[in-house]
Each structure stands twice: as structure tokens, then as C-alpha cells.
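See structure below.
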Amino acid sequence: MEIKKRKLLKRTMTGFVAFNVLATTVITGLPIHSMAAEATQKQNTTSQPETQDNSSKAARNIKAATSFSNVKFKLNVVDVNTGKPVEGYVVRFLRDGTSGTIYEFPASDANGLTESSIAAITDLLNEGKSISLYVKWGPSGESVTPNIVTMVNPSDVKNNEVTVTVPLGSPVQKADLGNQQWLIDMAEYYTGKTVGTTMSFPDLAKITTLQSYTGFEMKDATPVLPAGIKYFAGLQRLDLSKLGLTGNIPTEVSSLSKLTYLNLNDNSWIGTLPSSLGNLTNLEQLRIENTPLTGSIPKELGNLSKLTQLRLANNQLSGSIPEELGNLSNLTMLFAAMNKLSGSIPTELSHLTKLTNIRVDQNQLVGQLPESIFALNALTEANFSGNEITLNQEGSKAFANGLVPNYKNTFVNERTLVATNSLVAIPATTVFPFKDFGLKADINGTKSDLFAGHMYRIYRNSDNKQVYYGIWNNASSFEQTTAKETYRIVLDDALANPNNVAQVTVGAAKNQIVTFEDLGKQYWLKDLAEHYTGKMVDENMTFGDLESITALQSYPGFEVKDENPILPAGIKYFTGLQKLDLSKLGLTGNIPTEVSRLSKLTYLNLNDNSWSGTLPSFLGNLTNLEQLRIENTPLTGSIPKELGNLSKLTQLRLANNQLSGSIPTELGNLSNLTMLFAAMNQLSGTVPTELGNLTKLTNIRLDQNQLVGQLPESLFALNALTEANFSSNEITLNQEGNKAFANGLTPNVGKTYVTGRQLTAVDTLTLEGTTVHPFQDFNLQTDISGTKSPLFDGHTYQIYRTTDNKLVYSGPWEENASFEQAGTSEGYRVVLDGASENPHNVATLTVAQKQAVKGNIQVVVKDEAGQVVPGVTVGWKDLTTNFTGNGHVTDANGATNQTGMSFEHQYQYAISSVPEGYVSTGGTVQVTPSGQAGDTYVVNLTVLRDVTIQPMTEMDNTVTGTAAVGAKLRYFVNGQAVNVGNANADGTYSKVVGLYPAGTVIGVQMQNPKTGKYFDLKTITVTPVETKLTIQPLTTADTAVTGTAPAGVKLRFLIDGQAVNVGYANADGTYSKVIGQQKAGTVVGVQMFDPTIGNYSDVVSTTVEQTAASVEVAAMTTTDTAISGTAPAHAKLRIIVNGQAVNVAYADASGQFTKVIGKQAEGTVVGVERFNPTTGSYEKAVTTTVTLGNAVSEPAKIDLSSAASGKISGTVPNTITQVRVWINGAPQTMVGVKDGAFTWTYSKLKAGDIVKVDYKDATGQWIAAEQTVTN
């Protein structure tokens, strides 16, 4: 990496940024499997150049030393799993570093070989270029993915001939299938091979159907559909319904181009329906129902010309039904019910002449059903219910074949348009139909808001004139010309349907009393209204009185009484106003849109208020305005171009706000303007040429903004000016000195590039390499009397090389702009805004080149104990150039390496992120590496081991865990600090905090030794004692009571209610206390001491039972010669074989017994009877059945003697219950086995078919046998 010297970066943040970068090898644009890449690396170790980059560089500069002609290529395609040649595979050649195909060899023969001579490839080798080749197509034309790339270099060619072994594929790994066990299980079932060993990617590509099977079980806790589904390229049917899959539907599904059936129903998908599904052009059925999917139906589904069923019901889809679905000429079923679809039903659906079922019910659809859709004559089901659709007629309408759709709860049936405010009184002449009329949808008396998307026509009944047409818009209005008028509202143009029509009568209300609420509850406006009308709000003041006011402004003695006064919407009632002066009232909030309704205004003054928001564009509607004054406010945003509509305006005064953006060119339309004040804002850009049209202008003040560029020549033709101030901007003239207007007035241009301001650059600059970045390197600034600062945005720059006056850059400030320097030292001239004749706009400098000493920097991260820490992200910055580098992650040795670093530069390093279990102390480390070229400079960084806390129960009084060695720790209980301490030398800590009930939050904080502040508090919650007090059953033979209790708890033991002893539970939560043998019926108990109450808990007890016969017989196989097992010590035993006593034996002192009875046949029942001295008789026998001995699993014996009639039979070991039968490599069925024999009939069986039978043995391995049908 080449690093250039940057003395100063302009307009860039100098903060420290680090990124994690995952480097992935990509050859010719194709993904390389990790194992495949390793195999290629090993294979090409001797033949490849040292790096591919070196090879490419050589190829650009020189031709190969050897000249080749008609090079013969001998290709040998082998399977990397077996090393054996494979036939029928096609190899593709690519030029190294490109994705363009040069040549595809013919399919390999039975020995995996292909020979060919290609002139184009020979030419490339003659140019010294390397060639990539890899297996691309399989015997059936399937894509082989992933591929192992093999490189051919000119040095590989000997005597115009090269022999290359091309490895094919690599074993499918679990990671390739996203480590999803469900997909691994299905892959193994349908291929009969094992992931990680015998299964290859071509095996996956041969699977045509993937779906759950008998015995399939979902084992993943959170199953997803991984990107590895792309490897199943041969799939025609994919049914993943009801598997509980989560996550997004991956785009890789769209690569399964052979799919005809896709079912993803009843899963927990998130995200949207992928538009890439439109690439599956062979799809006949698409089923994605009963999921949480959102978003719209992709229009790309209209590409699926073979689709017969599209089923998308019961999701959360929204948006309109795409008209592109009308392209699905083979569609018979369209189900999209129970979603949130909106808009109208597209006319294009009438093209679906094969449609038999359509369900779009329970959505939010609107509008008329298209007339053309009723021509469909194949329909047997049509459901439009639960929508706001309609017909332009009264009643239902049938399809061409007589089918009547389901119109329930639509405007065809049951739903009607109503105006809840059927009689409306308005205070003025303006009617707001969507605010005033109360339009609703009514279903059997229940009213609700209308869906979005309807079209509304409103007619005035008196002359049937249309006064409104459009969608619902609360701001829409029209003027009423009479005192009273009735209006007819028609929904979706369905005039002939009475359900779609409502009527409203509107009366003027000029005589209606004005309320305090009408004036927004603003006392200041109430006082002004009462002053100018002489009437009282809420008593005798009417809206007509407000309309009669022509001027509204403060008066002597007026006082604003509101705490936070605003200008309310009620200002709209003052429609007769010609003058509105609200200056210096302390008004807050936005300037309301209702001001735009005061159409008679000629004077508007809103100065000296605390307005928020932007300068409203609707002020451009006040076309009678002559003076607009809005100064000394916090208003932001730009000057609206709509102000250019105010043709009568003489004064536009907008000074001392916070306006930004450019001056609109439309202000040049204000032909009557005499005053334009916009000083003390943040306006940018250039002064528009169009201001030269303002021939009546007497005063212009644009000073103290951020304007740039040359003052337009047209401006100087103005001859009525008496004041012109452009000072404190970065404007200029293309001349030296000031320039006067036509009438001789000289503008104020102080602190501009006309006078007082100078463009500056660094005098001399030394860079590494030949690339110059002027806006990073030149340190371009503006200078006012020696004080330098960054330039304003919007300037243009021309940079000339002084040796030949060549233009090397022209354009705006572009941080990464660059050009190449030809000589080792060059002079440059920078011209600002094209004003080359103005020396204030010109800066010169010299740039020289320097060769940097480059070496390597190794960053090592360790913890406070000196142990290396992998996985730490380290960010870095070159402080010499202000270049911020990407983050690097430490390897297993805690190190990260940087090569080609300039040693004389100063670098800054910081920890950006740490793996779990560590914390960073923050701060940075600055180094200036030194040494010879190629040396390695080491930078050491340290992180701390983070605090861990061991779980605590209500029986624990000590908090324990680990932290950084010797770290200062602070201990908390329920958020309150209770103690401090330090971690031990081994990083452990232990602090007694006392016993606390379950639910108490215990916390530990570790101090940052660098800052003295504490890291985030780590907490655990005290849990109830999970190990409850238990007692094991006792017999008369037992001498000790045992059970479980919380570790270390004190216990008290009782016999028949009397305490006899105490003890403690072990560390593993068990206990044992000797109490001697007890007689039957004795009650033995145990109590646990509870320190939270200072007493013993309730007794847990058991009753001693008489000793039961305890005899166990070990399993016996046909290879065993003796029966063995356990019994009470010294017990007398009688040996039984198939119910007959054959011998006696005695258990030894440890309770073990063994008796030789000879080998027994499979199925023989052998057992032992224990002699009970109490009863004087033998007890019931304990038996086991002899099983087949451990023999090596033998494959099935296949009998094809009756193959002519389709019969397949054979034998397997007696322990097997079912076998799997394959025909020609494809699984067919599972066949039951009885007494080791099986039989199955396959009617299509023929000579040459390969029959395979396999079964799973006791170890879980598949044991297989194959046989070919010969007759």
C-alpha cells in the first residue's frame, strides 16, 4: 500500500474510524469453496508465480520469453474424493483477472481426458498471461458449483504441450448447508451419501425433489433456509411447508431455475416477498401462505408465464396488486386473501382466461371492479368480500358463465358511504369536505374510516357543477358562493350505485358566535379581535365581524398575556385583512398554512419572533403582497422560489434569520422590487444573474452570508441603487479592485475576494509518488488579514501546471480528486471561480516528490497478564497524511500485520472492538516507526479481561468470579455500592456480601486503570435454591440415609420424629448419614437449616420398607457360555433355562454371581430365582432372552431370480426390521423385513437396471449391496 504525505485535510472529520474487513478470494467473479481453495493452493505451489499480481504486472510490460504455436492442451478431470477420472465434464478457460469466456473444451471421455489446441489461448500465453481453467458443466449440462480453479502459466508449457489435471468438486461440508441439520438430513436421505465425506456438490445437483419424508424430524432450534439451497440446482419440486423456518427467504432460491413447484407455506418468514422469485420461469405452482411476510407483491412474478397457481393468502402483504399478474396466461388459481392489499383490482386480470378460482377477500381494495373481468367464463370461485370495492350499478353482477361473486361487506352489498355531518355550518366561504363532512363507511350501522385510495367527486346540486375531484386530502377545499348549498359526494365514480353516494348541506355561518377555541385559545389574538371589533369573544362577536377587520397589529397598551404564544390556525377567519403586523410579539411555533388564505394582504410583518421551522413556500400565494418582512428570527431552510410569484412586491426583507441554500433565480421576476434584504443568514452559492432584471431596485443587502463566485455582470447595469452591500462573503470580480454600478455607486465588498480576502496555499509540498490530491495536499484556505479559515462550499477551481500552463483540474472541491505529476518538481497555479485576472483569487505552490522508506508494522495485542488476545479489531490512522485505515483483526497469535508502511510517518493505533470477555481501556497509542526498508516495527497494545460473575442462589453469601489481574472492583446489591476490593494475582476474586433472597441483583464493576472511571456494571440475579431437599427410599438392609440438598447446607436427621444427628450437604449437593439398620415401618426424616429464618425447614421423610429381592441378570448372546449378574450378598440362586431349573449358584460377598451354562441358541430364555429364607421358597425368576452375538454386519443378499415379474427379494440379518431399495441410484421406498427376509415388486423393473438394497446397522452405518438385472 502506498501512503502519500498529506499536510492538511480540508472538510474531513479527523475522528478515528476502524472497520472489520472480511477478505474473500474471488477468481473470475466466481465464489471459491474454502476447501477447494486450499486444494488449489497446494496443487499450484510449484507451478504458480510468487503472486498473481506479479504475474499480471509482468504480463502488462513484457511478452513471454518463449514463443509458442498451437499449444496442445491435455486435460485430465478427476474427482478429488476418489482421485479417479470422471467423464462428460466440460472445462472452461478464462483469461486471468477477467470473467470473459475464452473457450470451453468438449466433454471429457471415459478416462476424463480432453485434448485440443486453441490459437486464442496460445496467443495469451505468448503475451505472458496466465490462464484460469475450471470444471463448469456436468454431463447433463448442470452447473458445477463450487469449482476448483487451476492456473496455467507460460512456464507450464513444454514443447508446445501442457498436461493439466483439473480437480472436480470437493465434499459437501455442513457449513455449505448453513450448518442446518434439517437440510443435512434431507440431503443425506435423498442422496444416500454423507455430508463431509462422500457427498459431492454434483450429488446435490441431481436431487429433483426436496421435501419432508416419513420419519423426518426437525432438530434445529431456530431453523432457517440457508444460502446453500443454491447447490440443489436440479430441483424441480421444493416443499418446505410447516417446517417452522425463520429468517428471510434467501435470494439463492431464485437460482433454482428448474423449479416447477415451490411451497413455503406455514413458516415464520421475516422480511418481504423476494422479487427475484420472478426469475423462476419454469415455476407452475408458487405457494407462500400463512406467514408474517410484509411488503408488496413483486411485479416480477408477472414473468412466470408457466404459473398455474399463485397462492399468497394470509400474510401481511400490502401495496397494490401488480398489473403484471395479467401476463400469467396459464394461471388457474389466484389466492391473495387476508392481507393488507390496497388500490384497485387491475383491469389486466381480465387476461387470465383460464382462471377458475380468485380470492382477494379481506384486504383493503377499493374502486370499481373492472368491467372486463366479468368476461371470464372459467371461474368456479370468486370472492371479493371484506373490501371497499364497488360496481356502477345497484346490486350484484355475475360473470359470463353465470357465477355470482361473494360481495359480502363491500359497496356492492352491505357497505354504504355516509356523511356523518349531513348539515354543516362553516364560519367563512371555504369548505373543507374531508374535515367538515364526516365521510365514513357504514356496515349495518357500524361506521368506520374509509380505506385509502378512493377517488371522490363532489357535485354542487344547484347547478350540478363538479367542485372537487381527487383522493382524500384534509387540506383540500373549495369556495361556496351562496349562503346555503347541498353537495353530492360520489365514491369511485359509481354514480349509479346508491351505496356509493352521500349528500351534505352546507350553510354559511357568518353570524355564528366566535369562541375562544376558534382563536386557538390565544389571549393575544382574542384581545386584538375584541379591540378591532369592539365586541366580545364567546358573547356577541361573529365570524362576520372578524372578516371585517382590515388591519391587525398591536395598539397602545396592548400586552401579550400568553406564556408561549403562537399564531393559531384561527387566523384564517380574518379574511378581510390587508395589513398584518405581528412583529415583536414573541410568537413561537411554525407559521401556519392558514396565513396563505389571507388573500387580500398587502403588508405582512412577522419580524422579531421566535418562529420555528422553515420559511413557508405558501407565502408565494399571497399575490397582493407589497411588503414582506420576516427578520430577526430563528427560521431555517431556504428562501422559497414561490416568492418569485409576488409580482406586486416592493420590499422583501429577510435579514438576520438562519436561512441557507441558494438565492432563488425566481426573485428576478419581482419587477417592482425596490428593497432586497437577506443579510446575516447562511445563504450559499452564487448571486443569480436574474437579479439584474430588478431595474427598480434601490437597496440590496446580501452581506454576511456564504456566497461565492463572481458577481454577475448584469447586476452592474442597475442604475437606481442607493445601497449595495456584499461584504463578508467569498464573492469576487475578474479584475483587480472594485467595480461601480451604472449610476456610479460603488458596492461594499469588504472581506471579499474583491478586497480584504486572499486565496492561500502551502508554498512547497513534498509528496511520495506521482499522484497529487490537491484538496488534501495544497492546504487551500481563505486569508483575512493573516487569519486563515476553510473556504465556503460552492467554489469552482482551475489548477494549471506553470511549466506549460496546462489545465490539470477544473471543477468543484472534491476531496479525492487527483492528477498525476509528470516531473519530480512542478509549480501549480490555483484559480478560484475563474477570476484569473484578480490576484486575490490566485495561489501558487511547488510540489516535489520524495521516496519513502517503507517497512512493516506488526501490532500485538495482549491482556494485562501478558496473554495474546485473538479477535481484537485494531483501527489505525496515518497522522502525517490524515489517512484513516481500515480495522484489522488480530490472529491466533494476537497479531495483525501491515506491509508497505512509510516509516517516517506518525501513526495512531486504538482498539476498536474486543471479543467477548475483554474490555478496552480506551485511548490511543502514537508511534513513529523507524528502521531500514523492509524492517518490522512492533506496536504493543493491551486489553483487560472483563469481569465475570458466578451464579448465586439464596443460599450463597459470597460473590465470586474473574476480572483483570489486580483490578480494583466495586460490589453492588440492587444498584447500591456495598463494598470494594481487588482481583487476585490469578485474576479471581471473592467477596462476602451476605445472604439475599431470590430476585436480588448482585453486581460488580471494574475500574479502568487508565481513566479511573468504572466500566459497565456486570450483574447477576440471585436465584431460588434449585436443588430441593430430598430423601432416598430406605429398606431394612440400608444403614445410611441419603439424598440431595443445597451444597453446604446444615441438615438435621430424625427417626420417628426425634432428632438423632446433624450433618452438612456435600459440594455436589448430595448427603449421606449413617443411622444404622432400621426396622420396617420406621419413619426417617431430614430437615434443612434455613439461615434466612434462623430455623429448620419442614421435615422431608421416608418410611423404611422390608428389603426386596434385588436380582439383576446381565444380557446374554449366542456367543456367551455363562449367565451372570448381581444379587444380595451370599444369596442362594437357582438357574433357569426355558423355565426349567438346571443348576444352583451363590452370590459372592460383593453381590456378584456367574454360572457356566454353555452357549444357548438365539431366543432362549435364561434366568435366576432367589431363595428367600424368610418364606423358605424361591422367588419369581428374573430373566433375559439370548440375542444374536456381535458379528460383523453383512450386506443384504439380493435375489433377482424373479426380476422378469418385477420381484425383488432377499435376506438380511434377523435383527433388521426394514431396508431401503434404490433403482438406478434413486431411492424408491422402505420395505419391511420379517425373520430376515424381504420382498418388493417394482413393475417397471427391466434388464440393465441397478438394484441397491441398504439398511442401518447397530452402529448407524448404512450397509449396502448392489446387483444388476440381467433378464
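The values are calculated or read from the model by the stated rules, or taken from the named source; none is laboratory data. These figures come from a predicted structure and were not determined experimentally. So basically every Cβ, Gly included, is an ideal-geometry build from the backbone, and we count neighbours across all protein chains shown.
Evaluate the following for Val919: is it assigned to a strand (DSSP E or B), in contact with a Phe, Trp or Tyr (Cβ under 8 Å, 6 or more places away or on another chain) and within 19 Å of Ala964 (Cβ to Cβ)?
Working: assigned to a strand (DSSP E or B): yes; in contact with a Phe, Trp or Tyr (Cβ under 8 Å, 6 or more places away or on another chain): yes; within 19 Å of Ala964 (Cβ to Cβ): yes.
It is true that Val919 is assigned to a strand (DSSP E or B), in contact with a Phe, Trp or Tyr (Cβ under 8 Å, 6 or more places away or on another chain) and within 19 Å of Ala964 (Cβ to Cβ).
From the list Gly1048, Gly1069, Gly1081, exactly one residue is exposed (fewer than 15 other Cβ atoms within 10 Å of the Cβ), within 50 Å of the chain's Cα centre (by Cα) and not assigned by TED's automatic domain parsing to the domain that holds Asn957. Which is it?
Working: Gly1069 fails: exposed (fewer than 15 other Cβ atoms within 10 Å of the Cβ); Gly1081 fails: within 50 Å of the chain's Cα centre (by Cα).
Just one listed residue meets the conditions, Gly1048.
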> Leu721 versus (1) of a type in the set (A, V, I, L, M); (2) within 24 Å of Ile591 (Cβ to Cβ); (3) part of a loop (DSSP other than H, G, I, E, B): which is the lone unmet condition?
Replying inline: (2)
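Assess whether Ala967 counts as being out of contact with any Ser or Thr (no Cβ under 6 Å at 6 or more places or on another chain), small (Gly, Ala, Ser), surrounded by 16 or more Cβ atoms within 10 Å (Cβ to Cβ) and more than 30 Å from Lys877 (Cβ to Cβ).
Values: out of contact with any Ser or Thr (no Cβ under 6 Å at 6 or more places or on another chain): yes; small (Gly, Ala, Ser): yes; surrounded by 16 or more Cβ atoms within 10 Å (Cβ to Cβ): yes; more than 30 Å from Lys877 (Cβ to Cβ): no.
When the stated conditions are applied, Ala967 does not pass them.
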> For Leu767, are the conditions met, namely being in a strand (DSSP E or B) and among the aliphatic types (A, V, I, L, M)?
Replying inline: yes
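Does Ala529 satisfy the criteria of being outside the structural domain of Leu646 (by TED's automatic domain parsing), among the small types (Gly, Ala, Ser) and touching a residue at least 12 places away in the same chain (Cβ under 8 Å)?
Working: outside the structural domain of Leu646 (by TED's automatic domain parsing): yes; among the small types (Gly, Ala, Ser): yes; touching a residue at least 12 places away in the same chain (Cβ under 8 Å): yes.
When the stated conditions are applied, Ala529 passes them.
Inside segment 374-398, can you point out the residues that are surrounded by fewer than 17 Cβ atoms within 10 Å (Cβ to Cβ) and either in contact with a Gly (Cβ under 9 Å, 6 or more places away or on another chain) or in a loop (DSSP other than H, G, I, E, B) (or both)?
Within segment 374-398, the subset surrounded by fewer than 17 Cβ atoms within 10 Å (Cβ to Cβ) is 375, 377-378, 380-381, 392-398.
Selection gives Asn377, Ala378, Thr380, Asn392, Gln393, Glu394, Gly395, Ser396, Lys397, Ala398.
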> If you scan segment 109-131, which residues turn out to be small (Gly, Ala, Ser), in a helix (DSSP H, G or I) and touching a residue at least 24 places away in the same chain (Cβ under 8 Å)?
Replying inline: Ala119
> Could we say that Lys877 is surrounded by fewer than 19 Cβ atoms within 10 Å (Cβ to Cβ), within 24 Å of Val919 (Cα to Cα) and among the basic types (Lys, Arg) here?
Replying inline: no
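Among the listed residues Ala1045, Ala1037, Ala1067, which satisfies the condition of being within 23 Å of Val993 (Cα to Cα), at pLDDT below 85 and of a type in the set (Gly, Ala, Ser)? Let's see the steps before the verdict.
Working: Ala1045 fails: at pLDDT below 85; Ala1037 fails: within 23 Å of Val993 (Cα to Cα).
Checking each option against the conditions leaves just Ala1067.
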> From the residues in segment 287-303 that are crowded, with 21+ Cβ neighbours inside 10 Å and either in contact with a Pro (Cβ under 7 Å, 6 or more places away or on another chain) or of a type in the set (A, V, I, L, M) (or both), which one is farthest from Asn314 (Cα to Cα)?
Replying inline: Leu301
> Going by the structure shown, is Gly987 among the small types (Gly, Ala, Ser) and surrounded by 17 or more Cβ atoms within 10 Å (Cβ to Cβ)?
Replying inline: yes
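Just to verify a result, which residue in segment 1123-1137, among those that are surrounded by 14 or more Cβ atoms within 10 Å (Cβ to Cβ) and out of contact with any Phe, Trp or Tyr (no Cβ under 9 Å at 6 or more places or on another chain), is farthest from Val1182 (Cα to Cα)? Walk me through how you get there before you give the answer.
Just the residues of segment 1123-1137 that are surrounded by 14 or more Cβ atoms within 10 Å (Cβ to Cβ), to begin with: 1123-1128, 1131-1137.
After this cut, where a residue has to be out of contact with any Phe, Trp or Tyr (no Cβ under 9 Å at 6 or more places or on another chain) as well, the list is 1128, 1135-1137.
Numbers: Pro1128: 14, Ile1135: 10, Ile1136: 9, Val1137: 11 Å.
Across segment 1123-1137, the extreme among qualifying residues is Pro1128.
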> Which condition breaks for Pro929 when tested against (1) in a loop (DSSP other than H, G, I, E, B); (2) in the same structural domain as His888 (by TED's automatic domain parsing); (3) surrounded by fewer than 18 Cβ atoms within 10 Å (Cβ to Cβ)?
Replying inline: (3)
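If you take the residues of segment 808-834 that are of a type in the set (A, V, I, L, M) and at pLDDT below 95, which of them is nearest to Leu767 (Cα to Cα)?
Initially, segment 808-834 is screened for residues of a type in the set (A, V, I, L, M), giving 808, 817, 822, 830-832.
Filter once more, keeping what is at pLDDT below 95: 808, 817, 822.
On the way: Val808: 17, Ala817: 15, Ala822: 13 Å.
Across segment 808-834, the extreme among qualifying residues is Ala822.
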> If Asn672 passes every condition in (1) under 20 Å from Thr698 (Cα atoms); (2) surrounded by fewer than 20 Cβ atoms within 10 Å (Cβ to Cβ); (3) touching a strand residue (DSSP E or B) at 6+ places or on another chain (Cβ under 7 Å) but one, which one does it miss?
Replying inline: (3)
> So Glu217 fits all but one of (1) assigned to a loop (DSSP other than H, G, I, E, B); (2) of a type in the set (D, E, K, R); (3) more than 23 Å from Val1231 (Cβ to Cβ); what number is the exception?
Replying inline: (3)
> What pairs come up if the first residue lies in segment 300-323 and is assigned by TED's automatic domain parsing to the domain that holds Thr353 and closer than 15 Å to Leu365 by Cα, the second is hydroxyl-bearing (Ser, Thr, Tyr) and part of a strand (DSSP E or B), and their beta carbons are under 8 Å apart, counting only those six or more places apart or on different chains?
Replying inline: Gln316/Thr294; Leu317/Thr294; Ser318/Thr294; Ser318/Ser342; Gly319/Ser342; Ser320/Ser342
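Within the group Glu371, Glu348, which residue is surrounded by 18 or more Cβ atoms within 10 Å (Cβ to Cβ), of a type in the set (D, E, K, R) and more than 31 Å from the chain's Cα centre (by Cα)? Break it down into steps so the answer makes sense when it comes.
Numbers: Glu371 fails: surrounded by 18 or more Cβ atoms within 10 Å (Cβ to Cβ).
Exactly one of Glu371, Glu348 is surrounded by 18 or more Cβ atoms within 10 Å (Cβ to Cβ), of a type in the set (D, E, K, R) and more than 31 Å from the chain's Cα centre (by Cα), namely Glu348.
Suppose we keep only residues that are in a strand (DSSP E or B) and polar (S, T, N, Q) within segment 990-1013. Which one would you say is surrounded by the most Cβ atoms within 10 Å (Cβ to Cβ)?
Here is the first cut: in segment 990-1013, the residues in a strand (DSSP E or B) are 990-992, 1001-1007.
Narrowing the set further to residues that are polar (S, T, N, Q) leaves 990, 1005, 1007.
Working: Ser990: 12, Gln1005: 21, Gln1007: 18.
Result: Gln1005.
Going through segment 1014-1028 one residue at a time, which ones are in a loop (DSSP other than H, G, I, E, B) and of a type outside the set (Val, Ile, Thr)?
Start the filter on segment 1014-1028 by keeping residues that are in a loop (DSSP other than H, G, I, E, B), which leaves 1015-1017, 1022, 1024-1028.
Phe1015, Asp1016, Leu1017, Pro1024, Glu1026, Lys1028, listed by residue number.
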>> Are there strands (runs of 3 or more DSSP E) fully within segment 462-576 with at least 3 residues that are buried (at least 17 other Cβ atoms within 10 Å of the Cβ) and either out of contact with any Pro (no Cβ under 9 Å at 6 or more places or on another chain) or β-branched (Val, Ile, Thr) (or both)? List them.
In response: 484-491, 501-508
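Within the group Ala817, Ala910, which residue is assigned by TED's automatic domain parsing to the domain that holds Asn940 and under 42 Å from the mean Cα position of the chain (by Cα)?
Going through Ala817, Ala910 in turn, just one is assigned by TED's automatic domain parsing to the domain that holds Asn940 and under 42 Å from the mean Cα position of the chain (by Cα): Ala910.
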> Across segment 696-712, what is the number of residues that are surrounded by fewer than 20 Cβ atoms within 10 Å (Cβ to Cβ) and touching a helix residue (DSSP H, G or I) at 6+ places or on another chain (Cβ under 8 Å)?
Replying inline: 1
> Which residue pairs have Cβ atoms closer than 8 Å, lie 6 or more positions apart in sequence or on different chains, and pair a first residue in segment 552-568 that is assigned by TED's automatic domain parsing to the domain that holds Leu580 and within 25 Å of Lys600 (Cβ to Cβ) with a second residue that is part of a loop (DSSP other than H, G, I, E, B) and of a type in the set (Lys, Arg)?
Replying inline: Ser554/Lys584; Pro568/Lys521
>> So Val1168 ticks every box in (1) surrounded by fewer than 18 Cβ atoms within 10 Å (Cβ to Cβ); (2) in the same structural domain as Thr1121 (by TED's automatic domain parsing); (3) modelled with pLDDT of 85 or more but one. Which box is left unticked?
In response: (1)
>> If I filter segment 878-902 down to residues being closer than 13 Å to Val939 by Cβ and in a strand (DSSP E or B), which single residue comes out as nearest to the chain's Cα centre (by Cα)?
In response: His888
